[in-house]
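Following: one structure in structure tokens, then a few remarks.
The values are calculated or read from the model by the stated rules, or taken from the named source; none is laboratory data. Fair warning: this is a prediction, and the values are worked out from it, not measured in the lab. Every residue, glycine as well, gets a Cβ built from its backbone with ideal geometry; the counts of neighbours run over all protein chains shown.
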Amino acid sequence: MLPNHLKIALVYDSRSTYRELGYSEIDCADLGLDEETPVISAALEHHDHHVTLIPGIKPLVQQLAIGRATEWDLVFNVSEGFYGTARESQVPGLLEAYQIPYTFSDAATSALCLEKGRTKLLFSSILY
């Protein structure tokens, strides 16, 4: 059972980070707005949870490599990824490998649902 006051890692992708790396606004259109992360963090902290901000998959990998995952009760994942057809499933896949509980869809569901053609193919084979 989880404690009332959780230590939560909030993994997110920031438009401004990718814009600073030279990507266009169009390249970053699928990413959440920069204003969303502070609001989510504040809401979690309002409920007496401790929040650690992790700005994307590469910083998450660094944190996992140095063993920081043992400090978290849960990962609140709003990372959308940036590369590849399974980009939204990359963070859940890492968290599953490390057996870290996280919010929202698992890696397989995220990978399937991001690619609408595969999703339609699967559902058409189930329905008929």
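Details
- Residue list for region 97-128, restricted to those being hydrophobic (A, V, I, L, M, F, W, C) and loosely packed, with under 10 Cβ neighbours inside 10 Å: I126, L127
- Residues being under 22 Å from D27 (Cβ atoms) and either in contact with a Phe, Trp or Tyr (Cβ under 8 Å, 6 or more places away or on another chain) or modelled with pLDDT under 95 (or both) - total across region 59-88: 12
- Restricted to helices (runs of 4 or more DSSP H) entirely inside region 64-128, no element has at least 2 residues that are touching a residue at least 60 places away in the same chain (Cβ under 8 Å) and either out of contact with any helix residue (DSSP H, G or I) (no Cβ under 6 Å at 6 or more places or on another chain) or within 16 Å of K7 (Cα to Cα) (or both).
- Filtered residues of region 22-46 (kept if polar (S, T, N, Q) and exposed (fewer than 14 other Cβ atoms within 10 Å of the Cβ)): S24
- Flag if E45 is modelled with pLDDT of 95 or more and out of contact with any Leu (no Cβ under 7 Å at 6 or more places or on another chain): yes
- Filter pass, L60 being within 25 Å of H5 (Cβ to Cβ) and in contact with a strand residue (DSSP E or B) (Cβ under 7 Å, 6 or more places away or on another chain): yes
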